1. Label points 7 Å out from Cα along the Cβ direction at residue 357 and residue 231: separation in nm?
2. Taking every DSSP beta bridge that has both residues in the stretch 2-205, what percent is antiparallel when rounded to the nearest 5?
3. For the stretch 224-323, run through the GluC sites (Glu not before Pro) and keep only the ones in DSSP coil with at most 13 other Cβ atoms within 10 Å of their Cβ.
4. For the chain, with a Gaussian network of springs between Cα atoms less than 10 Å apart, report the residue from 300, 350, 318 with the top mean-square fluctuation.
5. Relative to the longest principal axis of the chain, what angle (0 to 90°, nearest 10) does the C-alpha long axis of helix 242-253 take?
6. On each of the three principal axes of the Cα atoms of the stretch 252-358, give max minus min coordinate, whole Å, ordered largest first.
7. More than 27 Å apart: what percent of Cα pairs in the chain qualify?
8. Going by amide H atoms built from the backbone, whose H comes under 5 Å of the H on residue 148, apart from near neighbours?
Amino acid sequence: MRNLSIDIETFSSKDIGKAGLYSYVQSPDFEILLFAYSFDDEDVKIIDLAQGEQLPQELIAALSDKNVVKTAYNAAFEWYCLSKFWYTPIKQWRCTMVKGLYCGYPAGLAAIGNAMGLSEDKKKLSTGKALIRKFCVPCKQTKKNGGRTRNLPHHEPEQWELFKEYCKQDVVTEREIKKKLDVIEFPQSEQEMWVIDQKMNAYGVKIDRQLVEGALKIDSIRTEELLTEAAAISNLSNPNSVSQLKEWIEEATGQEVNSLNKADVPVLIENTDSEKVKRMLEIRQELSKTSTKKYVAMENAVCSDDRVRGLLQFYGANRTGRWAGRLVQVQNLPRNYLKTLDLARELVKNQKIDTLKLIYRKCTRYDFTANSNRFYCTR
């Protein structure tokens with residue numbers, strides 16, 4: 001049984017941190033730039049795909065050969081990226097990151113390398129990150145770079161050659177990590193569970209894109225309404241500014257405000273006699289809610305088929321082996337007790353904000369616009 005160690009460098013206009021691996025790879029402009037590899041203990045070779053080089057037939061055949069075990073650090077990345085162009089069954093892959101987590105090591109190539117005494121110096125690590133930013137993500141258009149949106153090898157030939165060396169070095173490091181981990185047996189049951197996890201994450205979860213878009217649109221409208229109301233009450237240039245709001249409340253009440261954190265605002269509301277201050281604090285509460293953050297995450301990560309993928313991280317907690325949530329964080333979804341949930345969803349999908357206010361809003365609003373001192377209830 002042969003072993004094939006792999007490390008690749010890629011480009012996509014999608015931000016992998018926000019969009020996740022699967023949306024990142026499914027982007028139309030996704031491409032594999034460099035393919036570094038080594039069979040067993042042979043010298044590391046690199047294929048410069050960005051400059052027209054092609055994978056040798058031996059390597060293509062090895063990607064689907066059941067007698068060749070493919071290994072990589074965070075193999076889910078290499079496997080899914082390569083699967084877009086070549087056939088390579090997930091059962092044939094092994095992930096040194098997962099095995100490292102199983103053995104109690106930290107996640108991250110630099111972190112585990114440091115724990116094992118294999119780390120590169122900080123200057124080299126910083127240079128490697130800079131090269132990834134240069135070639136793997138879009139760049140800002142400037143007059144100096146001719147208005148281009150990405151850096152190609154011919155734009156920085158010396159830096160590109162250095163980038164190739166770093167890619168090769170990653171294979172060397174990953175291979176050394178594998179050797180140190182080989183002294184510990186990784187249970188077959190855990191390997192099989194990892195394979196299931198990859199299939200599960202690649203399959204994803206279908207979302208209602210219209211509902212997501214409706215929720216985000218309503219949130220945008222509501223935020224603008226609240227900021228307009230807050231500006232009318234306080235005359236602040238930025239009523240969402242914590243420093244400005246604290247100063248305004250202190251002037252209005254004569255009391256020092258130490259914090260406007262989530263736990264402190266209800267106490268301030270309870271202890272103030274000023275209806276204006278109370279309303280400003282209520283607006284602060286509503287603007288600080290994170291209930292729409294999951295919709296933002298869905299919008300960023302959703303693929304073209306309306307599925308969100310990569311929602312769970314296998315061995316996310318390395319001491320217990322538990323899964324960890326990623327992107328949308330489905331493990332901490334709050335339970336919904338709303339009896340008219342179907343109606344609420346339809347109203348959100350159709351962006352019926354006035355109807356939503358009429359049916360579901362429970363708080364009392366105070367209207368201080370146009371120098372008014374009246375209030376009205378929108379229950």
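FYI, it's all coordinate maths here, none of it is from the lab. It should be emphasised that the depicted structure is a prediction, and the values quoted were computed from it without experimental measurement. Every residue, glycine among them, receives a Cβ derived from its backbone with ideal geometry; neighbour counts consider all protein chains shown.
1. Modelled inter-label distance: 1.7 nm.
2. Close to 65 percent.
3. Details: sites: 224, 225, 229, 247, 250, 251, 256, 270, 275, 282, 286, 299; in loops: 256.
Sparse-neighbourhood loop GluC sites (Glu not before Pro): 256.
4. With Cα springs under 10 Å in the chain, the top fluctuation among 300, 350, 318 is at 350.
5. The helix 242-253 is inclined about 20 degrees to the chain.
6. Principal extents (largest minus smallest coordinate, Cα): 53, 43, 26 Å.
7. Numbers: 44246 of 71631 pairs.
Cα-Cα pairs in the chain separated by more than 27 Å: 62 percent.
8. 142
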